[in-house]
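Enquirer: So that we are looking at the same thing, I have put the structure below in structure tokens.
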Amino acid sequence: MDEARELALVEELRSRFSEDDADPEDPHDHFSTATLTRFLRARAHDVDSACEMLSKCIEWRRSYRPYDVDRSSIDDQLSRGTLMLGGKTRNGLPAIVCYPRCHNPSTSDPDEILRMAVYFLEGTIRKMKPPVSKFCFLVQFEGFALRNVDYTSIKKVLEILQGFYPERLGAALLVDAPWITWTVYKVLKPWLNERTQEKIKFLKDPKELLEVFDEENLLKDFGGRLESTLPPDYAAEQHTGTGDDDESDEGEEILLAEDEEDDVLTEDDVRAFGASRRPSMAALSKSVTAHIPHESDT
């Protein structure tokens with residue numbers, strides 16, 4: 001779709017809402033051009049569907065208050081090391097890293113698991129700087145077994161990611177996946193929309209990650225030199241922006257990424273990312289933020 005047509009649809013979607021529809025306590029800008037663009041793309045530019053999706057997101061944020069999740073409320077899950085922060089791609093996409101072997105469904109509180117996922121999403125988005133608006137999800141399957149599988153929690157997290165954080169996932173890179181992972185994936189696949197499926201890539205060799213990450217920005221577990229870290233207490237920090245601290249007050253200026261061959265990943269490249277063939281080094285190292293307006297956009 002050409003830019004002018006998409007922007008026209010953005011304005012049509014914006015006209016469906018008023019400022020009173022947003023929660024005044026929520027720091028996120030629900031009606032920025034970038035937010036509206038993401039919801040439109042997640043619904044194939046169907047304005048009615050995008051409107052319904054965004055309305056449900058606003059209502060969820062009003063009731064769940066994801067921006068207020070306190071780190072102390074997820075201490076148990078954080079201590080297990082299931083999720084960590086893990087550097088960034090060459091084009092600046094922050095990495096959230098998952099270690100499924102650390103998860104024990106029988107001793108975990110499902111609500112706390114959900115809070116932890118939301119905490120990582122909100123915190124990662126809050127720290128993004130333009131032109132970055134997506135994250136990379138790394139999964140290290142070493143030591144993974146069926147005892148670690150938690151379909152209930154996975155389904156809930158996927159519902160939140162796909163329903164309330166559309167177009168935020170840049171790529172999901174799965175490393176060292178044993179054969180049972182394919183069985184698990186077949187169960188999960190019906191819960192994944194097509195756009196999410198296209199972004200999933202199974203890597204046989206962790207060294208392939210060096211096509212996406214510089215060694216100093218890749219965790220040691222994946223062959224890099226970086227130590228993993230836990231996120232800071234985002235809820236305790238004074239909010240200074242969500243996704244972009246450089247939002248202009250001068251109306252809805254459209255800031256689009258320049259389509260430069262060496263730093264932009266196109267929609268075709270994203271499809272290649274999830275295809276069975278191995279993507280080229282150039283495609284893997286490009287950013288997945290192409291053509292997203294870079295204003296405050298969460």
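Enquirer: Do you know which residues across the range 1-20 are hydrophobic (A, V, I, L, M, F, W, C), open to solvent by 20 Å² or more (accessible area, probe 1.4 Å) and within 24 Å of the chain's Cα centre (by Cα)?
Expert: If we filter the range 1-20 for residues that are hydrophobic (A, V, I, L, M, F, W, C), which is where we start, we get 1, 4, 7-10, 13, 17.
Still in the list and also open to solvent by 20 Å² or more (accessible area, probe 1.4 Å): 1, 4, 7-8, 17.
Answer for the range 1-20, where residues must be hydrophobic (A, V, I, L, M, F, W, C), open to solvent by 20 Å² or more (accessible area, probe 1.4 Å) and within 24 Å of the chain's Cα centre (by Cα): M1, L7.
Table: residues versus (1) free of Cβ contacts under 8 Å to residues at least 40 places away in the same chain; (2) assigned to a helix (DSSP H, G or I); (3) over 22 Å from V184 (Cα atoms).
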residue: I96; (1), (2), (3): no, no, no
residue: R101; (1), (2), (3): no, yes, no
residue: L114; (1), (2), (3): no, yes, no
residue: V118; (1), (2), (3): no, yes, yes
residue: E122; (1), (2), (3): no, yes, yes
residue: I125; (1), (2), (3): no, yes, yes
residue: C136; (1), (2), (3): no, no, no
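Enquirer: Let me ask something else. Of all residues in the range 186-195, which are touching a Leu at 6+ places or on another chain (Cβ under 9 Å), in a helix (DSSP H, G or I) and modelled with pLDDT of 95 or more?
Expert: L188, W191
Enquirer: Oh, and also: What number of residues within the range 126-145 satisfy the criterion of being more than 30 Å from W182 (Cα to Cα) and either open to solvent by less than 10 Å² (accessible area, probe 1.4 Å) or under 9 Å from the mean Cα position of the chain (by Cα) (or both)? Before you say what the answer is, go through the steps one by one.
Expert: Taking the range 126-145 as the starting set, the residues that turn out to be more than 30 Å from W182 (Cα to Cα) are 126-132.
Next, from what is left, pick out any that are either open to solvent by less than 10 Å² (accessible area, probe 1.4 Å) or under 9 Å from the mean Cα position of the chain (by Cα) (or both): 128.
Counting residues in the range 126-145 that are more than 30 Å from W182 (Cα to Cα) and either open to solvent by less than 10 Å² (accessible area, probe 1.4 Å) or under 9 Å from the mean Cα position of the chain (by Cα) (or both) gives 1.
Enquirer: Of T196, T181, which residue is open to solvent by less than 40 Å² (accessible area, probe 1.4 Å), farther than 24 Å from L54 by Cα and of a type in the set (S, T, Y)?
Expert: Details: T196 fails: farther than 24 Å from L54 by Cα.
Only one candidate passes the filter, namely T181.
Enquirer: Right, something else. Quick one: is K155 under 15 Å from the mean Cα position of the chain (by Cα), open to solvent by 40 Å² or more (accessible area, probe 1.4 Å) and basic (K, R)? Talk me through it step by step, then tell me what you get.
Expert: Numbers: under 15 Å from the mean Cα position of the chain (by Cα): no; open to solvent by 40 Å² or more (accessible area, probe 1.4 Å): yes; basic (K, R): yes.
No.
Enquirer: Turning to a different aspect of this structure: Of the residues A172, A177, which is outside any helix (DSSP H, G or I), within 20 Å of Y119 (Cα to Cα) and touching a strand residue (DSSP E or B) at 6+ places or on another chain (Cβ under 9 Å)? Reasoning before the result, please.
Expert: Details: A177 fails: within 20 Å of Y119 (Cα to Cα).
Being outside any helix (DSSP H, G or I), within 20 Å of Y119 (Cα to Cα) and touching a strand residue (DSSP E or B) at 6+ places or on another chain (Cβ under 9 Å) holds for just one of A172, A177, which is A172.
Enquirer: Given D48, D23, which one is more than 29 Å from T229 (Cα to Cα), modelled with pLDDT under 95 and surrounded by fewer than 20 Cβ atoms within 10 Å (Cβ to Cβ)? If you could, list the steps in order and put the result at the bottom.
Expert: Working: D48 fails: modelled with pLDDT under 95.
The unique qualifying residue is D23.
The values are calculated or read from the model by the stated rules, or taken from the named source; none is laboratory data. The structure presented is a predicted model; accordingly, all values stated were derived computationally and were not measured. Every residue, glycine among them, receives a Cβ derived from its backbone with ideal geometry; neighbour counts consider all protein chains shown. All accessible areas refer to the heavy atoms of the entire protein, side chains included, with ligands and DNA or RNA removed. Shrake-Rupley method; radii C 1.70, N 1.55, O 1.52, S 1.80 Å.
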